[in-house]
2 protein chains.
Amino acid sequence: MLNSVSITIMDLFEAIEKRYSYRGEFKPVPVPREHLTKIVEAGIRAPSACNQQVVSFVIVDDPNLLEKVAEAVDRPVCYTAKAMIVCIYDPRPVYHDMSFAHEDLGAAVENVLLAIAALGYDTVWLDGAIRVEDRAQRVGRLLGVPPDKTVAVVLPIGVALEPGKQRERLPFGERAWFNQYGSME
Amino acid sequence: MLNSVSITIMDLFEAIEKRYSYRGEFKPVPVPREHLTKIVEAGIRAPSACNQQVVSFVIVDDPNLLEKVAEAVDRPVCYTAKAMIVCIYDPRPVYHDMSFAHEDLGAAVENVLLAIAALGYDTVWLDGAIRVEDRAQRVGRLLGVPPDKTVAVVLPIGVALEPGKQRERLPFGERAWFNQYGSME
């Protein structure tokens, strides 16, 4: 198995520019476990408040389970995904009675997204879509997630049938400034 | 100026492994604006819920202002920083009355941290530390941040006097599983 999988090297800044949200159909190309593991290892290496590592991952690649999770999430992109990474957090406070789980989650998901892009796959960050209609809870039950943990993000993965591009960003001067907010410096 | 600055190419996975939290003293080496801009551009390219781009950045490199911000944050690592990137978000709801600002912030900060590592600088994600004792509010006033925006993260930047390493992570099998949470598959 190891010999059949090539690991690409991609410049960080290239990966950051290449990453985009894909909501279309996937090709019938599998995503090997070696790649899924490397992708999730990138998420594990993300920083977390007080190094408490409250974010965890269930990697779905069993075809029957994939179908059930796709039904629970009910988004077209899920139905042809060859794998899904489900991101979960522990909402407990870690510092001065504060939780940083959503920030830790964002950092971990971004590492995962960059790794997916670097290895030549496509995905989309599904988040708000699973907060409605009990979807996250249904996914959690399918994957045996304990009730004190929160299912937060689903990332359907595969090779895009029709790849896209990163959406436009506001210009630098509308989101970043030197020394004073909104300055023209 | 352009000629005096070299832009490194670093493999994504190398940057993810190299990134760590530095809380020590910085060398008296400046961080040129070209690098600061490239670092913040990486943050701008991070995904955001509904592409609403609610995260913005003030880059502090004015020596007098750096000193005042360091005093407001009151963390030793800030006093010798050659620049700071202050990350701000707009807490307004963007989808079904929900805000995803903390997740968007985490993704943007992670891109910024990876870019800092790739360009050979060191930093630490200061977050909980500025939520106490009115510190974030004081930083916001120094930088002219409007009261409807939230100052959330300060990243002091420079070249480490004594570089460190990423802290240990829990093993893969304690944070990630195939198909079922906690499975031994």
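What the table below lists for this structure:
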| item | result |
| --- | --- |
| Boolean, B:Val69 is within 30 Å of B:Glu162 (Cβ to Cβ), under 14 Å from the mean Cα position of the chain (by Cα) and modelled with pLDDT of 95 or more | no |
| Extreme residue, farthest from A:Asp62 (Cα to Cα), among residues of the range B:175-185 that are open to solvent by 50 Å² or more (accessible area, probe 1.4 Å) and at the interface with chain A (Cβ under 7 Å from one of its Cβ atoms) | B:Tyr181 |
| Where a residue in the range A:172-184 is without any contact (Cβ under 8 Å) to a residue 24 or more places away in the chain and its partner, wherever it lies, is surrounded by 13 or more Cβ atoms within 10 Å (Cβ to Cβ) and among the hydroxyl-bearing types (Ser, Thr, Tyr), with Cβ under 6 Å and at least six apart | A:Arg175/B:Ser56 |
| Among residues of the range A:137-157, those that are without any contact (Cβ under 8 Å) to a residue 60 or more places away in the chain and either open to solvent by less than 10 Å² (accessible area, probe 1.4 Å) or closer than 30 Å to B:Leu36 by Cα (or both), counted | 1 |
| Test: residue in the range B:158-174 that is surrounded by 16 or more Cβ atoms within 10 Å (Cβ to Cβ) and touching a helix residue (DSSP H, G or I) at 6+ places or on another chain (Cβ under 8 Å) | no |
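The values are calculated or read from the model by the stated rules, or taken from the named source; none is laboratory data. Bear in mind the structure is a predicted one, so any value in this text is a computation, not a measurement. Cβ atoms come from the backbone with ideal geometry, glycine included; neighbour counts cover every protein chain shown. When the accessible area is computed, the model is the full protein with side chains, heavy atoms only, and any ligands, DNA or RNA have been set aside. Shrake-Rupley method; radii C 1.70, N 1.55, O 1.52, S 1.80 Å.
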